[in-house]
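The values are calculated or read from the model by the stated rules, or taken from the named source; none is laboratory data. This one's a predicted model, so the numbers in the text were calculated from it and none came from an experiment. So basically every Cβ, Gly included, is an ideal-geometry build from the backbone, and we count neighbours across all protein chains shown. Ligands, DNA and RNA are excluded from the accessible area calculation, which covers all protein heavy atoms including side chains. Shrake-Rupley method; radii C 1.70, N 1.55, O 1.52, S 1.80 Å.
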Amino acid sequence: MDYTNKKPEEVLKSVFGYDSFRLLQKDIITNVLSGKDTLAIMPTGGGKSLCYQIPALIFEGLTVVVSPLISLMQDQVAGLNAMGVNAVFLNSTVEWEDYKDSMNSIRRGETKIVYVSPEGLMTPKINDLLHDPRVTVSCITIDEAHCVSEWGHDFRPDYLEISSLRSQFKNAVFLALTATATPHVREDIIQNLKLKNPAVLISSFDRPNIFLDVRPKSRNALEQVVECIRRHLDESGIIYCFSKKQVDTLTEQLDELGYSVLNYHAGLQDAVRADHQNKFLRDQVQIMVATLAFGMGIDKPNVRFVIHYDMPKSLEQYYQEIGRAGRDGLASEALLLYSAGDIHKIRYFFEEAADKERCEKLLQGMISYATGRSCRRKLLLSYFGESYVKNADEKSSESGGRCCDLCESGPLPEMDMTIPSQKLMSCIIRTGSRFGAAYVIDVLLGSRGKRILENKHNMVSTWGIGRELDKNQWHELVNLLIEKNFVTKYGDYNILLLTNDGLAALKNRDKILLPFNMPRGRASESMNLEAETAFSPKYRAGCGAGGGLMFPKPEKKSGFVLHKKEVDFGDDEEAKRIQNALKKWRKRKAEEMNVPPYIIFGDRTLNDIAFKKPHTESELYDVNGLGEKKVEKFGTEILEIVGEE
């Protein structure tokens with residue numbers, strides 16, 4: 001069907017089966033259709049792909065999508081083809097005959113969207129294709145645009161070459177999309193892609209359906225992992241580890257416990273890695289244990305939990321990875337385990353970094369989040385410059401009103417932190433109020449670092465007077481004093497300054513009570529978190545006293561049924577029957593079509609069918625996520641399942 005000159009709302013409903021736009025989708029699409037370069041920052045699962053797919057169908061010419069991963073291209077094209085949209089990808093995995101057929105389809109104007117990698121974009125074959133007089137390039141979309149910035153968490157030099165297209169296709173509109181971009185990264189994207197006076201549209205970074213849980217890593221971290229998996233029994237999840245060795249070890253341990261699990265890292269052969277990813281996408285395996293190489297651009301909507309077995313190196317990386325949970329908007333969980341060992345490992349790799357100071361700044365943001373004692377969501381959103389205010393009706397949302405572990409367990413009791421706070425604030429003043437937290441803390445700990453000796457800050461009265469706390473605990477105290485408005489950060493280098501309240505408290509020797517999580521006895525340099533964990537009621541409730549795994553081994557399964565808790569049908573037994581029957585049918589149909597089950601339709605659509613129980617074709621069009629092509633293709637079988645007795 002020709003959608004040229006159709007309204008975006010018409011395309012949204014007839015092709016994709018949705019009644020209304022979400023977040024900033026309509027604003028972004030309007031800008032793109034008007035020919036205005038646009039930078040859009042939207043959370044993972046926020047519907048970024050619709051922002052170029054709908055204009056692509058309305059434009060007369062071709063939309064080129066630059067995507068970093070082959071798996072993402074394949075996923076997007078399979079989904080579009082299932083909806084009747086002619087889209088192709090051109091990369092090294094495509095057989096030459098198929099490659100030529102796709103190029104000819106583009107030249108004939110039959111293909112509306114072509115996906116290419118940043119490396120492939122510069123090859124002579126694709127360059128000649130895009131400059132063919134029969135081809136009009138209407139839009140160039142750069143997905144995962146943060147890869148163009150050295151300040152981004154996943155910088156890729158090949159992305160820098162994309163800017164050359166700006167002068168080659170002067171009449172094409174450019175759309176840059178990303179889920180994570182600090183102000184510095186946004187500036188880099190605009191400059192490095194040479195966007196022309198772009199509209200910058202920033203959606204909320206909040207993913208209210210993801211419960212944020214952070215715990216100190218215990219001596220037997222496997223127990224903590226198993227505890228989370230059992231909360232999501234028979235549901236799909238990703239576990240991230242720092243090293244290939246840790247990935248393999250954890251995979252073996254979970255496999256021995258009877259879980260459906262595979263590994264993914266750069267040390268595996270390409271064919272093995274691709275096979276493992278394919279099985280995960282097709283729900284043939286429940287859990288993927290992986291290094292950071294896995295997941296970017298994976299459009300699997302039913303991932304219900306993401307576990308970080310090790311601390312990520314930055315909040316940008318953490319946010320990107322937890323965003324792979326709950327892409328369909330249904331309730332999901334992100335569990336982060338952290339320890340001093342993780343911090344030491346990350347710092348070890350700083351030694352080879354070109355900008356160690358920047359790396360440390362990013363790490364401190366991650367440490368502040370992990371050790372913070374106030375709402376995790378508030379801390380996370382504030383990092384990206386967004387304020388978080390809990391809505392009055394949030395308890396009735398799909399997330400069940402769950403926000404984070406700290407909000408759920410309640411505030412920590414306040415401790416008298418007057419003396420450490422006075423030491424810290426005095427040290428800020430003694431060093432001239434010209435340094436960030438890391439420097440001030442080094443002075444308190446008595447460091448003889450080069451800068452400290454050059455500045456003669458080893459001679460100030462506060463040098464070495466703070467050894468009762470370790471470095472990470474001092475950072476926690478800094479964060480608490482900032483939250484209480486005694487201290488503030490200033491400028492690009494986050495210089496610490498005392499506020500008027502802080503100056504008054506120091507001058508008047510006011511008592512300062514803070515929810516500081518002080519371990520019993522003197523804190524060690526190694527940040528011994530096992531003691532802290534042992535006193536946590538939440539931890540005691542999840543683990544046995546004997547130190548071994550208290551959880552029974554699950555039965556070994558070749559497959560599994562996803563997401564038992566995605567919707568509560570109450571006493572509606574008919575809805576439950578339809579839901580289960582649709583899941584089995586969807587799995588069979590996906591195997592026949594050789595695609596992941598969510599390409600047929602996602603859990604939201606499945607649940608909506610079970611709830612609405614459509615009995616006619618016209619009623620199918622009222623189901624969320626069923627467009628014309630899918631009703632035409634699957635409608636009869638869906639109605640048969642609903643109508644079964």
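With unit charges on the beta carbons (Lys and Arg positive, Asp and Glu negative) and the dipole taken about the Cα centre of the range 406-462, which residue among SER447, GLY436, GLN422 sits farthest to the positive side?
SER447
Report, in deg cm²/dmol and to the nearest 500, the calculated mean residue ellipticity at 222 nm for the chain, where each DSSP H run with n ≥ 4 adds -39500 (n - 2.57) and the sum is divided by the residue count.
Mean residue ellipticity at 222 nm (helix-derived): -12000 deg cm²/dmol.
Please compute the length gained on full extension between GLU110 and GLU592, using 0.36 nm multiplied by the number of residues separating them and subtracting their Cα-Cα distance.
170.9 nm
Quick one: pull the percent of accessible area on the chain belonging to carbon and sulfur, 1.4 Å probe, ligands and nucleic acids left out.
About 50 percent, which is the carbon plus sulfur part of the accessible surface.
How large is the Kirkwood hydrodynamic radius of the range 564-645, counting all unique pairs of alpha carbons, in Å?
12.7
Pairs of Cα atoms under 8 Å, at least six residues apart: use those to get the relative contact order of the chain, whole percent.
Worked out over the chain, it gives 15 percent.
Past 19 Å, Cα to Cα, is the threshold; run LYS279/LYS583; LYS6/LYS300; LYS587/LYS630; LYS112/LYS194 against it and keep the listed order.
Over 19 Å Cα-Cα: LYS6/LYS300; LYS112/LYS194.
Label point 7 Å out from ILE202 along Cα-to-Cβ: which residues of the range 312-347 have amide N under 17 Å?
Zone members listed by number: 315-317, 319-320.
Taking H as built 1.01 Å from N, whose amide H comes closer than 5 Å to the amide H of ALA176, not counting residues under 5 places away?
When sequence neighbours closer than 5 places are left aside, the close amide H contacts are THR38, LEU39, ALA40, ILE142.
Which of the listed residues, ILE190, LEU12, ILE578, is farthest toward the dipole's positive end in the chain, when Lys, Arg count +1 and Asp, Glu count -1 at the beta-carbon?
Value computed over the given set: ILE190.
Could you calculate the FRET efficiency of GLU187 with ASN5 from 1/(1 + (r/R0)^6), where r is the beta carbon distance between them and R0 is 25 Å, rounded to 0.05?
It comes to 0.10.
Reachable aspartates and glutamates from LYS589, Cα under 16 Å, same-chain residues fewer than 8 places away excluded?
ASP283, ASP603, GLU632, GLU637, GLU640
What is the Å³ per residue value for the convex hull set by the Cα atoms of the range 403-510?
121
Highest mean first, how do 271-278, 109-116, 333-340 rank when packing is the count of other Cβ atoms within 10 Å averaged over residues?
So the order, starting with the most tightly packed, is 333-340, 109-116, 271-278.
Send over a whole-number figure in Å² for the accessible area per residue of the chain, probe 1.4 Å.
44
Rounded to the nearest angstrom and ordered from largest down, what semi-axes does the equivalent ellipsoid of the range 1-103 get from its C-alpha gyration tensor (root of 5λ)?
Sorted largest first and rounded, they come to 24, 16, 14 Å.
Taking every pair of alpha-carbon atoms in the chain, give the share separated by more than 42 Å as a whole percent.
In whole percent, the long-distance tail amounts to 30.
Percent of Cα-Cα pairs more than 19 Å apart in the range 138-271, please.
That tail contains 65 percent of the Cα-Cα pairs.
Just to check I understand the Karplus step: with θ = phi - 60° and J = 6.51 cos²θ - 1.76 cosθ + 1.60, what whole-Hz values come out for the range 117-126, glycine and proline as x?
8, x, 6, x, 4, 8, 6, x, 4, 6
For the chain, with only Lys/Arg (+1) and Asp/Glu (-1) charged at the beta-carbon, what is the dipole magnitude about the Cα centre, in debye rounded to 20?
With Lys and Arg at +1 and Asp and Glu at -1, about 1940 debye.
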